[in-house]
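S.K.: Below is the structure I would like to discuss, written out as structure tokens.
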Amino acid sequence: MRKPDLSRENVRAWAVRARATVDLLWSAAPLWTVLWLALLAVQGVLPAALVALTKWVIDAMNMAVGMGRSWDTVEVVAVPTLLMGGVFLLQRVLGGVIQWVSVAQSEYVEDYVTNLVQQKASTVDFEFYEAPEYHDLMEQAQSQGTTRVLQLIQNGGSLLQTSVTLFSIGVILIGYGLWIPLALIVSAVPVLAVVLYYNRQQHTWWTGATPRRRRAQYYGILLTTMQSAAEVRMNRLDGPLIRGYRALRERLRSERLVLVRNQALGRFGAAVVSLLVTGVVMGWVVWQAFAGDATLGDLAAFYQAFTQAQTVTGTALTSAGAVYANSLFLRHLFDFLDLEPRVVDPPGPKPFPAQLTEGVRFEDVTFSYPGTTRNALEGFSLEIPAGKTVAIVGENGAGKSTFIKLLCRFYDPDQGRVTVDGTDLREFALADVRRRTAVLFQFPMRYQMTAEQNVRLGDPDVDPESPRFREAVVGAGADALVDRLPKGEETLLGRWFEGGVELSGGEWQRVALARAFYRESPLVILDEPTSFMDSWAENEWLDRFDHVAGDRTALIITHRFTTAMRADIIHVMNGGQIVESGTHDELVEQRGRYAESWATQTRQAGFEGRGDGAPARELAPPPGPNA
Ligand SMILES: Nc1ncnc2c1ncn2[C@@H]1O[C@H](COP(=O)(O)OP(=O)(O)OP(=O)(O)O)[C@@H](O)[C@H]1O
């Protein structure tokens, strides 16, 4: 059996976690917690009171037998009997009240912990989402965090109550001999050791099995959600996925069953030891009674006290083991809550400009994703002048989305800097950067909410009475779509909830565009805004965009040269760097990478480009530049 780790660090870590748990309870439901503890303490002494009253009642009856029928006899018996009835009544009443208080406390604690986890998950650095260890920790915190806190409370309460009971019964048992409570303690030691050992084993196994459990969950998600439904059917993935799921579950199940079997065997061995001790103690007391050293009341009280003490000891040990196990599991919750973001606000943030005067600059930026060695951006320099529309084109993996992530401050550069009107992005408050930047991501969210909510989520600060909603919808080319919906902007989108209407990919994209335009921001970033649009829609939308962009600074990432050619400046990216820059005509003149891709795209579409770019109407959606 492995020895418990009693090193100073481990003990200190335990103390810190215990403190954090108490703080958490105190913050979540202080009054309910105090009330609950007080009630448990009262309930804890009642069994001892009953033992004492049993002795009193039996001895009183013994005495009354010799007194005959009189009021004195009634008085002698009535007082302890009534008191005993009162204690029974109190026990029942307290049971109900404690249950009510405990449910209230659990509800508060559950909501509080869930809130903490959600808040933390929405503020951790982006890099956490990209590391498998983060997903493990997240699963551990989410799946066990709340339930373990609640179980810890229940077990802690039970431990407190049983300890009070044990202590008070122990006081009574000492009257029969100091060695009796000691014998009880000795008989409990093997049980406690087994409980602690196997709870630790269980925790170690559960932590190590997290990646396998998550993979099984992942197969489950693929088998049951709509996103994967089409491919699962067309590629007949159900068989392999179900088999994969089963194999993982079988392994998890058999490992767990082995653990539980060993635990049961261990507990059986420990129980035999405590049974032997019990036998010796009971034999001794009966011997005393035969020898005339104990009254009938003594014998009854002792029997009641000892059997109660045994039951309570069993409960106390189980609770102690559960407290131990739950505190081990809670470590994951606290580890998760302790995650500290690295991308943070500066000490005295500068205000982000409401209107850009110079623009955005990337100055010799180098960046690699955490845990990778390859630079996604290398010596990357770029200027987006204020009020201009800049397009970035480049082949897959060139670093276009990475550059947006740096502009939104999801990451900070390893070297170099990003400036807005000459100020380093790191000198602004994070919330300010994000409030002042409107982004349409490559794969925008499809909120299962009304069309209006889908757009208004873009900026909760906009006055609902302002005409901005309509402007954004028109700017995104989503006006005809919204007007066509059965309840107009009130129509619920998506099919998750009753009455929802599903949109096409291009329609969802227009709604997301409207969301980006809805935000009052000096900087607009659009990642592949026209990728879902047909050529006709694209051309019409580009006309609108010129109007919506107005004097805002806009950045468009695109694979479509028919979109890029409308920009004031086009930058061509390759291998994490800008390799060409200029207007469409200048780039075609340069006869470099851009001109080559442009020629390929137009040739494929049966159109010989001159550089004036009018033909988008005739083009099928062209492939990527280097396709
Ligand atoms: N989260 C990530 N972790 C590690 N590497 C990443 C991550 N995201 C992207 N990369 C790598 O960084 C490089 C640039 O990726 P990025 O997504 O910026 O390309 P992109 O130009 O937007 O491509 P596409 O046109 O296909 O969207 C790629 O080589 C990619 O493998």
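S.K.: Would you mind listing the strands (runs of 3 or more DSSP E) fully within segment 340-455 where at least 3 residues are more than 16 Å from the ligand (Cβ to nearest atom)?
M.R.: Where strands (runs of 3 or more DSSP E) fall fully within segment 340-455 and carry at least 3 residues being more than 16 Å from the ligand (Cβ to nearest atom), they are 359-367, 377-385, 415-420.
S.K.: Within segment 531-557, which residues are of a type in the set (S, T, N, Q) and either away from the ligand (no atom under 14 Å from the Cβ) or in contact with a strand residue (DSSP E or B) (Cβ under 6 Å, 6 or more places away or on another chain) (or both)?
M.R.: 535, 539, 553
S.K.: Ok, one more. Give the residues of segment 124-152 that are at pLDDT 85 or above and either outside any loop (DSSP other than H, G, I, E, B) or among the β-branched types (Val, Ile, Thr) (or both), sorted by residue number.
M.R.: Result: 124, single match.
S.K.: Take the conditions loosely packed, with under 15 Cβ neighbours inside 10 Å, more than 16 Å from the ligand (Cβ to nearest atom) and closer than 24 Å to residue 170 by Cα and apply them to residue 311. Does it pass?
M.R.: Yes.
S.K.: Please go through segment 559-569 and pick out each residue that is buried (at least 24 other Cβ atoms within 10 Å of the Cβ) and closer than 30 Å to residue 354 by Cβ.
M.R.: 563, 564
Quick grid of which residues meet (1) in contact with an Asp or Glu (Cβ under 9 Å, 6 or more places away or on another chain); (2) without any contact (Cβ under 8 Å) to a residue 60 or more places away in the chain:
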| site | (1), (2) |
| --- | --- |
| 492 | yes, yes |
| 499 | no, yes |
| 511 | no, no |
| 517 | yes, no |
| 522 | yes, no |
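S.K.: Regarding segment 286-305, can at least one residue be identified that is closer than 30 Å to residue 197 by Cα and of a type in the set (Phe, Trp, Tyr)?
M.R.: Checking segment 286-305: not a single residue is closer than 30 Å to residue 197 by Cα and of a type in the set (Phe, Trp, Tyr).
S.K.: Are there any pairs, at least 6 apart or on different chains, whose C-beta atoms fall under 9 Å, with the first in segment 383-406 and under 16 Å from residue 552 (Cβ atoms) and the second more than 6 Å from the ligand (Cβ to nearest atom) and among the basic types (Lys, Arg), and if so, which?
M.R.: Correct list of pairs: 384/361; 387/552; 389/552; 389/566; 391/566.
Table: residues versus (1) closer than 21 Å to residue 161 by Cβ; (2) touching a Gly at 6+ places or on another chain (Cβ under 8 Å).
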| position | (1), (2) |
| --- | --- |
| 55 | no, yes |
| 58 | no, yes |
| 64 | no, no |
| 69 | no, no |
| 75 | no, no |
| 83 | no, no |
| 86 | yes, no |
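S.K.: Still on this model: Based on this model, can you work out whether residue 567 counts as among the small types (Gly, Ala, Ser), closer than 23 Å to residue 489 by Cα, away from the ligand (no atom under 13 Å from the Cβ) and in contact with a Ser or Thr (Cβ under 9 Å, 6 or more places away or on another chain)?
M.R.: Criteria not met by residue 567.
S.K.: I'm told residue 391 meets every condition in (1) surrounded by fewer than 16 Cβ atoms within 10 Å (Cβ to Cβ); (2) touching a Ser or Thr at 6+ places or on another chain (Cβ under 7 Å) except one. Can you identify the failing condition by its number?
M.R.: Against the list (1) surrounded by fewer than 16 Cβ atoms within 10 Å (Cβ to Cβ); (2) touching a Ser or Thr at 6+ places or on another chain (Cβ under 7 Å), residue 391 comes up short only on (1).
S.K.: If you check residue 473 against the conditions, is it in contact with a Leu (Cβ under 9 Å, 6 or more places away or on another chain), buried (at least 22 other Cβ atoms within 10 Å of the Cβ) and part of a helix (DSSP H, G or I)?
M.R.: In short, yes.
S.K.: Here is a further query. Are any residues in segment 58-91 within 26 Å of residue 40 (Cα to Cα) and crowded, with 18+ Cβ neighbours inside 10 Å, and if so, which ones?
M.R.: Correct list: 80 only.
Yes/no matrix, rows are residues, columns are (1) modelled with pLDDT under 85; (2) under 17 Å from residue 382 (Cα atoms); (3) more than 15 Å from the ligand (Cβ to nearest atom):
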position: 574; (1), (2), (3): no, yes, no
position: 579; (1), (2), (3): no, yes, no
position: 587; (1), (2), (3): no, yes, yes
position: 593; (1), (2), (3): no, no, no
position: 598; (1), (2), (3): yes, no, yes
position: 604; (1), (2), (3): yes, no, yes
position: 613; (1), (2), (3): yes, no, yes
position: 618; (1), (2), (3): yes, no, yes
position: 622; (1), (2), (3): yes, no, no
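S.K.: Taking the residues in segment 122-133 that are touching a residue at least 12 places away in the same chain (Cβ under 8 Å) and within 14 Å of the ligand (Cβ to nearest atom) as candidates, determine which candidate is nearest to the chain's Cα centre (by Cα).
M.R.: Ranking the qualifying residues of segment 122-133, first place goes to 128.
The values are calculated or read from the model by the stated rules, or taken from the named source; none is laboratory data. Keep in mind that what you see is a predicted model, and the values were worked out from it rather than measured. We place every Cβ from the backbone using ideal geometry, glycine too, and count neighbours over all the protein chains shown.
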